[in-house]
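**Student:** Take this structure first; my questions come after.
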Amino acid sequence: MNRKEFIAAASLLSLAPSVPFASGGKKDIPALKLIDTHQHLYDTDRFHDNWGLIPVDGDFGMRQYQEIARAVNIEKAVYIEVAVPPARKYDEAMYAVELCEDDSNPTVAAVISYDIYSDDFVSYMSRFKKYPCIKGIRAGFRSEQDLSDEKIIRHARALGEMGMSLDFSISPRWLGAMARFVQNCPETLFLVNHCANVDPKAFMARKKTPGRPDHNPQQWLTDMKRLAAQENVACKISGVVTRSSGYLLNADNLGPAIRHCLEIFGPDRAMFASDWPWCLRGMDVKGWVNILKETVAKQPREDQEKLFYKNAIQFYRL
């Protein structure tokens, strides 16, 4: 799916009738299905040490993830790269393909990694066009200035030409530059990870805020709106529970930042993500899902279904 097809599909979703969310557990309304758009796996039995980055000790392979999926009704998942060393990136990509081709687990798509600065970036990524489950890459950027580098822009455009997307996670201070970068690549789909690294303290009630946020709230809002003005960008709702917070992780404290993301990107361009096991720095997946459900409980049922399931189908072409 290219940018135009994605926008057309999202427009069809927006025309669907909204059904109010039923409180009180009415039996005629089924439980929400979930697609997890940000699943990290680290199978220590298979890969041992020094495979990738993981935030806490433990084994985070498919068996452990399937237990989580059953607990919160995750039906499908998108594998996201785990920062393996450069020499292992192809191995990781083929591991992801293996997962996606195995119907015994919920992983159906993958976002891999490669150095977007590399001269062989286009030829390397072209190797994966024969694997429909490889949806794109998650790219890292070394500086804000690099977002105006012609080679980097050219490589991002090439992803769109191959029908692939680009996930990114950047400092909130780079969002304005990222908006210009995205504008320069109109045929490539972009996915801003982790609510654009918003600091929930920026939007908490002042009496509850334990210290100053790590970015300017108004500038973040302005830059996020500039980013969302580009129709080829969507936002993953995640990351807000992974900080060393100093405040209670609940819907009251995290909800304002989450709602800003949902309002800015609208009901058709926001997607649930667990960020497991990184979320374990703050809480388990069930706790995070419950916070997000509580935050959107008053939204129309159709908008909740888009957030937790339908938008992922459209964006990641599942």
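Rule-based calculations on the coordinates, nothing more; no lab input. Small disclaimer: the values here were computed from a predicted structure and weren't measured. A quick note on method: Cβ atoms are made from the backbone with ideal geometry, for glycine too, and the neighbour counts reach across all protein chains shown.
**Student:** Around Ser274, which amide H atoms from residues at least 5 apart in sequence, or from another chain, sit under 5 Å from its own amide H, with H modelled in the peptide plane?
**Tutor:** Those qualifying (amide H under 5 Å, at least 5 residues apart or on another chain) are Thr37, His38.
**Student:** Continuing with this model, one more query. Each label point is 7 Å from the Cα along the Cα-to-Cβ direction; what then is the distance between the points at Met94 and Arg180, in nm?
**Tutor:** 4.2 nm
**Student:** Name the residues whose placed amide hydrogens come within less than 5 Å of the amide hydrogen of Tyr42, ignoring near sequence neighbours (fewer than 5 apart) on the same chain.
**Tutor:** Under 5 Å from the amide H of Tyr42 lie the amide H atoms of Phe60, Gly61, each far enough along the sequence or on another chain.
**Student:** Here is a follow-up. Grab the Cα-Cα distance for Glu161 and Val56, subtract it from 0.36 nm times how many residues apart they are, and report the gain in nm with one decimal. Walk me through the numbers on the way to the answer.
**Tutor:** Details: separation 105, 0.36 × 105 = 37.80 nm, distance 3.76 nm.
Full extension from Glu161 to Val56 adds 34.0 nm.
**Student:** Further question: What is the extension gain from Arg301 to Glu263, computed as 0.36 nm multiplied by their sequence separation minus the C-alpha to C-alpha distance, in nm to one decimal?
**Tutor:** Full-extension gain reported as 12.1 nm.
**Student:** Looking at the range 64-170, which trypsin sites (Lys or Arg not before Pro) are in a loop (DSSP not H, G, I, E or B) and have at most 14 other Cβ atoms within 10 Å? Could you put the intermediate results ahead of the total?
**Tutor:** Working: sites: Arg70, Lys76, Arg88, Lys89, Arg127, Lys129, Lys130, Lys135, Arg138, Arg142, Lys151, Arg154, Arg157; in loops: Arg127, Lys129, Lys130, Arg142.
Those satisfying the criteria are Arg127, Lys129, Lys130, Arg142.
**Student:** Which value in Å does the Kirkwood hydrodynamic radius of the range 144-188 take, with 1/r averaged over all unlike C-alpha pairs and then inverted?
**Tutor:** 10.7 Å
**Student:** According to a simple spin-label model (label point 7 Å from Cα along Cα-to-Cβ), what is the distance in nm between Leu248 and Arg173?
**Tutor:** With each label point 7 Å from Cα toward Cβ, the separation is 3.3 nm.
**Student:** Then there's this: When N is the residue count of the range 103-253, what does its C-alpha Rg come to as a fraction of 2.2 N^0.38 Å?
**Tutor:** 1.16
**Student:** Ok, one more. Need the full-extension length gain, Asn216 to Ser123, defined as separation in residues times 0.36 nm minus the C-alpha distance. One decimal, nm.
**Tutor:** Length gained, Asn216 through Ser123: 29.5 nm.
**Student:** Moving to a separate point now. With springs connecting C-alpha atoms under 10 Å apart, model the chain as a Gaussian network and identify which of Gln218, Gln183, Gln39 has the largest mean-square fluctuation.
**Tutor:** Fluctuation is largest for Gln218.
**Student:** What are the semi-axes of the equivalent ellipsoid of the range 117-169, taken as the square roots of 5 times the eigenvalues of the Cα gyration tensor, listed largest first and rounded to whole Å?
**Tutor:** 20, 12, 9
**Student:** Let me ask something additional. Could you tell me which of the pairs Lys130/Lys286; Lys76/Lys151; Lys76/Lys225; Lys225/Lys306; Lys89/Lys129 are separated by over 28 angstrom between their Cα atoms in the structure shown?
**Tutor:** Check vs 28 Å cut-off fails for Lys130/Lys286; Lys76/Lys151; Lys76/Lys225.
**Student:** If you take the beta carbon distance between Glu101 and Gln64 as r and set R0 to 22 Å, what does 1/(1 + (r/R0)^6) give as a FRET efficiency, to the nearest 0.05?
**Tutor:** Values: r = 20 Å, r/R0 = 0.93.
Given R0 = 22 Å and the Cβ-Cβ separation, E is 0.60.
**Student:** Mean Kyte-Doolittle hydropathy of -1.0 or higher plus an axial Cα length of 18 Å or more: which whole DSSP H helices in the chain meet both?
**Tutor:** The answer, listed by residue number, is 251-265.
**Student:** Moving to a separate point now. Considering every Cα-Cα pair within the range 207-285, what fraction, in whole percent, is farther apart than 18 Å?
**Tutor:** Of the Cα pairs, 47 percent sit more than 18 Å apart.
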